[in-house]
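First comes the structure, then the notes that go with it.
We did not get these values from a lab; they are worked out from the coordinates using the rules stated. Everything numeric here is computed off the predicted structure, so don't read it as measured data. Neighbour counts are summed over all protein chains in view; Cβ atoms, including those assigned to glycine, are modelled from backbone coordinates with ideal geometry.
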Amino acid sequence: MIEAQSSTFSELRSAFDRGDFAAVRRLAKVQLARPVDEVSSEERRAVEALVARTSPGRLAALIYGIAALIVLAIAGYWLLHAHK
């Protein structure tokens, strides 16, 4: 994969392995903000892949959105019809 990994990337990978996804996003932001000539394209793709693996999937976001709408609909119905 990457022969000469930077210390920041090693730290980022370690945070990912520990499950500290907030640190992964924070370190990735720092890593991706570095100038293009300081970070190899292969390392940049690896960082972007790690960040993509920490973001919620589309299906999960859709399910949570539907669940939130159901809860809001039930709460609204209860508020409107509770005193009848």
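Between LEU50, LEU27, LEU62, the residue with the greatest mean-square fluctuation in the GNM of the chain (Cα pairs under 10 Å linked by springs) is LEU62.
Helix 7-18 and the longest principal axis of the Cα set of the chain meet at an angle near 40°. With both labels modelled 7 Å from their Cα along Cα-to-Cβ, the ALA68 to ARG18 distance reads 3.0 nm. Enter the angle in degrees (range 0 to 90, nearest 10) between the Cα long axis of helix 21-33 and the first principal axis of the Cα atoms of the chain, meaning the one along which they spread out most. Between the helix axis and the principal axis of the chain, the angle is about 50 degrees. Summary value for the chain: 25 percent relative contact order, contacts being C-alpha pairs under 8 angstrom separated by 6+ residues. Over the chain, DSSP H runs of length four or greater, each weighted -39,500 (n - 2.57), average out per residue to a 222 nm ellipticity of -25000 deg cm²/dmol. Across GLU48, GLU38, GLU11, mean-square fluctuation computed from a Gaussian network of the chain (C-alpha pairs under 10 Å connected) peaks at GLU38. Taking a Cβ cut-off of under 13 Å around SER7, the surrounding Lys, Arg, Asp and Glu residues balance to a net charge of -1, with basic ones at +1 and acidic ones at -1. When the charge dipole of region 7-81 is built from unit charges on Cβ atoms (+1 for Lys and Arg, -1 for Asp and Glu) and taken about the Cα centre, the candidate among ALA52, TYR77, SER41 whose Cα reaches farthest toward its positive end is TYR77. Label separation (HIS81 vs ALA33): 5.2 nm, computed from points 7 Å beyond Cα along the C-beta direction.
The C-alpha atoms of the chain define a longest principal axis, and helix 58-81 lies at about 20 degrees to it.
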